[in-house]
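Engineer: Quick one: this structure, given as structure tokens, is what I'll be asking you about.
The values are calculated or read from the model by the stated rules, or taken from the named source; none is laboratory data. A quick note: this is a predicted structure, and the numbers were derived from the prediction, not measured. Here Cβ is always computed from backbone atoms with ideal geometry, including for glycine, and neighbour counts include all displayed protein chains. Accessible surface areas use protein heavy atoms only, side chains included; no ligands, DNA or RNA. Shrake-Rupley method; radii C 1.70, N 1.55, O 1.52, S 1.80 Å.
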Amino acid sequence: VRDRLHYSPTAYIKVAEGCVNCCSYCAIPDIRGPFRSRPMEPIISEVEGLVRTGVKEIILVAQETTRYGLDIYGEYKLAELLRRSAAADGLKWLRFLYSYPTSITEDLIKVIAEESKICNYIDLPLQHASNAILSRMNRRGSKEDILHLIDKLRSSVPNLTLRTTFIVGFPGETEADFQELMEFMGRVKFERAGVFAYSAEEGTPAASMPDQVPEDVKQAREKEAMLLQQEISDANNRLKIGQEVEVLVEGFDEIQCTYYGRTAADAPEIDGQVFFSANRVVAPGELVPVRINQADEYDLTGELVL
């Protein structure tokens, strides 16, 4: 039995190291080298071992998790890895982070839709929506490709939560490029999104590009985009009021005198939480039903359903 004082119901497993995408703003390929997948068998053993110690949620990560297996098996293998991992007895939730749009396969979409333990949650860092900026970023795929993929994902996976990140103020980003991104965000209405002002990494191609955007413009655009996303998130969360949601309990806040945890639609540390009252003791790692009675742009508040 795990030490309950330091118990976390969630564990991360790195399935690969390195990257070959060579986005113009990122130094990871130079720092960590080319993409290298771990063999599948040791990963499955690690999943099973963690679940035996009491872990309820496993999160698979890499610089580009959706590329998993291509280098050692000659084909994308994340779908198979997820299906085999989901078979672990006692595992409740399984998710993966850091997808690249062009390496999401039909098999991957199918396994997410079919396997009940796999959270209907896809982390899809897109970085921008202007084709001109995507090209300068050295990102594969166009805005039109992304919109087609999003339509496919939402039509194939029930109750899907899409998380993304965007970079504003990238070198050469015009006001028109930024407004194109804002229109895209308003059209797609991502359930979860983070927006970051571009920051140059030394030695990357983007750091020496012409047309660097002034810092005050970058900060203003970040604020404007985040305000839009907060409005979208607030509207989405308010739809949850009155609903019953399943919550993975993470702990008890002694200052607020309330339990807290997450739904399957929320990844740890980057998304919101559910705060709830209970007239019985609940333990970290429990999955409990909570009826939502309050919501804001980030978090939900409710009470345990008996």
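Engineer: Given +1 on the Cβ of Lys and Arg, -1 on the Cβ of Asp and Glu, and no further charges, what dipole in debye does region 6-124 carry about its Cα centre, rounded to the nearest 20?
Structural biologist: On the way: 14 positive and 16 negative charges, 54 e Å.
Magnitude of the dipole: close to 260 debye.
Engineer: Please list, ordered by chain and number, the residues whose modelled amide H lies under 5 Å from the amide H of Thr164; skip anything fewer than 5 residues away on the same chain.
Structural biologist: Residues meeting the amide H criterion: Leu124, Arg192, Ala193, Gly194.
Engineer: Pick from Tyr100, Tyr198, Tyr73: which is most flexible by mean-square fluctuation in a GNM of the chain where alpha carbon atoms under 10 Å apart are linked?
Structural biologist: Sorting by GNM fluctuation, first place goes to Tyr73.
Engineer: List the residues, sorted by chain then number, that are 5 or more residues from Gln294 or on another chain and whose placed amide H is less than 5 Å from its amide H.
Structural biologist: Long-range HN contacts for Gln294: Thr301.
Engineer: If each of Glu114 and Val20 carries a label point 7 Å out from its Cα toward its Cβ, how far apart are those two points in nm?
Structural biologist: Roughly 2.7 nm, to one decimal.
Engineer: Would you check the accessible area of Val20, probe 1.4 Å, heavy atoms only, in square angstrom rounded to 10?
Structural biologist: 70 Å²
Engineer: Also, I was wondering about something else. For the chain, what's the relative contact order in percent, using C-alpha pairs closer than 8 Å and at least 6 residues apart? Please list the in-between numbers first.
Structural biologist: Numbers: 581 pairs, mean separation 41.8, N = 306.
In percent, rounded to a whole number, it is 14.
Engineer: Please compute the contact order of region 72-212 in relative form: average sequence separation of alpha-carbon pairs under 8 Å and at least six residues apart, divided by the residue count, as a percent. Before the final figure, lay out the partial values.
Structural biologist: Working: 168 pairs, mean separation 31.2, N = 141.
Contact order relative to length: 22 percent.
Engineer: How far apart, in nanometres, would the label points at Asp211 and Ile270 be if each is projected 7 angstrom from Cα along the Cα-to-Cβ direction?
Structural biologist: 2.9 nm
Engineer: Roughly how many Å² of Lys143 are accessible to a 1.4 Å probe, to the nearest 10?
Structural biologist: Its accessible surface works out to 30 Å², give or take rounding.
Engineer: Report the Cα-based extents of region 211-299 along its three principal axes, largest first, to the nearest Å.
Structural biologist: 58, 24, 23
Engineer: Oh, and also: Tell me the GluC sites (Glu not before Pro) within region 7-77 that lie in a loop according to DSSP and have at most 15 other beta-carbon atoms within 10 Å.
Structural biologist: Here the GluC sites (Glu not before Pro) that fit, given the DSSP loop and packing criteria, are Glu75.
Engineer: Right, here's the next one. With a Cα-only, solvent-free Debye model of region 1-141, what are the log10 I(q)/I(0) values at q = 0.09, 0.15, 0.22 Å⁻¹?
Structural biologist: Once normalised to I(0) and log-transformed, intensities are -0.30, -0.77, -1.35.
Engineer: Distance from a point 7 Å along Cα→Cβ of Gln230 to each backbone N in region 271-299: keep the residues under 11 Å and list them by number.
Structural biologist: So the set is 297-298.
Engineer: For Ser135, what accessible area in Å² do you get when you roll a 1.4 Å probe over the heavy atoms of the protein chains, rounding to the nearest 10?
Structural biologist: 80 Å²
Engineer: I want to make sure I understand the PRE zone here: with the label point 7 angstrom from the Cα of Ala283 toward its beta carbon, which residues in region 17-55 have backbone N atoms less than 20 Å away?
Structural biologist: Residues 49-55 qualify, since their backbone N sits under 20 Å from the label point.
Engineer: List, in order, the whole-Hz ³J(HN,Hα) value for each residue of region 115-126 obtained from phi through the Karplus relation with A = 6.51, B = -1.76, C = 1.60 and θ = phi - 60°; use x for Gly and Pro.
Structural biologist: Taking θ as phi minus 60°, the curve returns 8, 5, 6, 7, 4, 7, 9, 10, 8, 10, x, 9 Hz for region 115-126.
Engineer: Report the rotationally averaged projected area of region 150-204 based on its alpha-carbon convex hull, in square nanometres. Present the calculation step by step, with values, prior to reporting the outcome.
Structural biologist: Values: hull surface 19.5 nm².
Mean orientational projected area (region 150-204, Cα hull): 4.9 nm².
Engineer: Could I ask something else about it? Work out which helices of the chain, taken as complete DSSP H runs, extend at least 15 Å along their axis over the Cα atoms and score a mean Kyte-Doolittle of 0.0 or more, then list them.
Structural biologist: 40-52
Engineer: Determine the gain in length on full extension of the stretch Ser135-Asp71; use 0.36 nm per residue of separation and subtract their C-alpha separation, reporting nm with one decimal. Write out the running numbers ahead of the final one.
Structural biologist: Values: separation 64, 0.36 × 64 = 23.04 nm, distance 2.51 nm.
Roughly 20.5 nm would be gained on extension.
Engineer: Could you sort 116-122, 300-306 so that the peptide with the highest average Cβ count within 10 Å comes first and the rest follow in order? Let's see the in-between values first.
Structural biologist: Numbers: 116-122: 19.7, 300-306: 16.9.
Most protected by this proxy first, the peptides run 116-122, 300-306.
Engineer: Per residue of region 189-201, in order, report the coupling 6.51 cos²θ - 1.76 cosθ + 1.60 (Karplus, θ = phi - 60°) as ³J(HN,Hα) in whole Hz, putting x for Gly and Pro.
Structural biologist: Each residue of region 189-201 in turn: 6, 4, 5, 9, 7, x, 10, 10, 6, 4, 10, 5, 9 Hz.
Engineer: Pairs Lys110/Lys152; Lys218/Lys240; Lys14/Lys223; Lys14/Lys189: which are spaced more than 23 Å apart, C-alpha to C-alpha?
Structural biologist: Details: Lys110/Lys152 11 Å; Lys218/Lys240 33 Å; Lys14/Lys223 33 Å; Lys14/Lys189 30 Å.
Among Lys110/Lys152; Lys218/Lys240; Lys14/Lys223; Lys14/Lys189, the Cα-Cα distance tops 23 Å for Lys218/Lys240; Lys14/Lys223; Lys14/Lys189.
Engineer: Express as a percent, rounded to the nearest 5, the fraction of DSSP beta bridges in region 183-306 (both residues included) that run antiparallel. Walk me through the numbers on the way to the answer.
Structural biologist: Details: 18 of 22 bridges.
Of all bridge pairs located within region 183-306, approximately 80 percent are antiparallel.
Engineer: Same structure again: Once you wrap a convex hull around the alpha carbon atoms of region 61-210, what is its projected area averaged over all directions, in nm²?
Structural biologist: Working: hull surface 39.7 nm².
Computed as one quarter of the Cα hull surface, the answer is 9.9 nm².
Engineer: Full-extension gain between Asn159 and Arg238, please, as 0.36 nm times their residue separation minus the C-alpha to C-alpha distance. Let's see the in-between values first.
Structural biologist: Details: separation 79, 0.36 × 79 = 28.44 nm, distance 1.58 nm.
Fully extending the segment from Asn159 to Arg238 adds 26.9 nm.
Engineer: Considering only the chain, what is the antiparallel percent among its DSSP beta bridges, to the nearest 5?
Structural biologist: Working: 20 of 44 bridges.
Close to 45 percent.
Engineer: For the chain, with the dipole built from +1 on Lys and Arg beta-carbon atoms and -1 on Asp and Glu ones, taken about the Cα centre, which of Cys26, Leu97, Ser85 lies farthest toward the positive end?
Structural biologist: Checked the options; the winner is Ser85.
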